[in-house]
Amino acid sequence: MQTRQSNALRDPQKSLRDAKTAVSDGKPYGEPFDEVHEMHEDGAPRARYAGEPGFAAVSVSAMSSTTRDAAPDGKDTLNGAPTDAPESLEPLGPDDPLAPLPFNPYKGNRGITRAWHAMKNSFAGFRVAIREESAFRQELTLAAILLPCGVLVPVEPVSRVLLLGSVFLVLIVELLNSSVEAAIDRISLERHELSRRAKDLGSAAVMVALFICVMTWGLLVGPLVVRWVSGWVRAM
């Protein structure tokens, strides 16, 4: 089988000049041996080995050169459409995580105004908790007794912070539990397994906070109380 000698082998200097001329003119060109590559059914050249790195680049550039037309404004077009035209994006749905949140009229305040309204809402929450939640009233009464004791008891500063923090932790968890219960009742007042589970979990969180408070006060104040009681008994 007789094969035709490539132009690059017959005149390598001429092939190199043609490649440099194509680069200076901004025209797409292939490798010197592109003319001996196999051809696709649509006439586009195909690389000799599909595993070569230049396989996709050669095919795309060749197909683009066969289907590219000159636009009236001088820009290249692909299949009649400008190649640099931005892709049309579909609008994001309401369930898309990247979709913007709907406008909230209660989030329009900024700066000092926002802080002022937040403080008013916080005091309103305290009033509602005291008026509606009996458990919060009981824990608030306990805090009214323990907080002065935590300030006056002779312990290290770190221990004092732990004593006071454990009391505030109980109040915080109780407020969160009350908010969860209010949200569940807002959704539905009917008995449901998931609603019962959510309220039970909130109650369990309050119990853990109470256990932490009792353990902290028992470990830090318990030895002091025992020493005071034993001294008082010996004095009698």
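Checked against the criterion of being under 17 Å from Ser134 (Cα atoms) and either modelled with pLDDT of 95 or more or in contact with a helix residue (DSSP H, G or I) (Cβ under 6 Å, 6 or more places away or on another chain) (or both), the stretch 184-199 contains one or more residues that satisfy it.
Out of all the residues in the stretch 180-211, which are under 32 Å from the mean Cα position of the chain (by Cα) and in contact (Cβ under 8 Å) with a residue 40 or more places away in the chain?
Val206, Ala209
From the list Glu181, Glu174, which one is assigned to a helix (DSSP H, G or I), in contact with a Phe, Trp or Tyr (Cβ under 8 Å, 6 or more places away or on another chain) and under 21 Å from Val128 (Cα atoms)? Steps first, please.
Details: Glu181 fails: in contact with a Phe, Trp or Tyr (Cβ under 8 Å, 6 or more places away or on another chain).
Testing whether each residue is assigned to a helix (DSSP H, G or I), in contact with a Phe, Trp or Tyr (Cβ under 8 Å, 6 or more places away or on another chain) and under 21 Å from Val128 (Cα atoms) leaves just Glu174.
For Ala135, the requirement of being within 16 Å of Ile212 (Cβ to Cβ), surrounded by 13 or more Cβ atoms within 10 Å (Cβ to Cβ), touching a helix residue (DSSP H, G or I) at 6+ places or on another chain (Cβ under 7 Å) and among the small types (Gly, Ala, Ser) is not met.
The values are calculated or read from the model by the stated rules, or taken from the named source; none is laboratory data. Every value quoted in this text rests on a predicted model; they were computed, and no experiment measured them. Note that we place each Cβ from the backbone using ideal geometry, even for glycine, and neighbour counts take in every protein chain shown.
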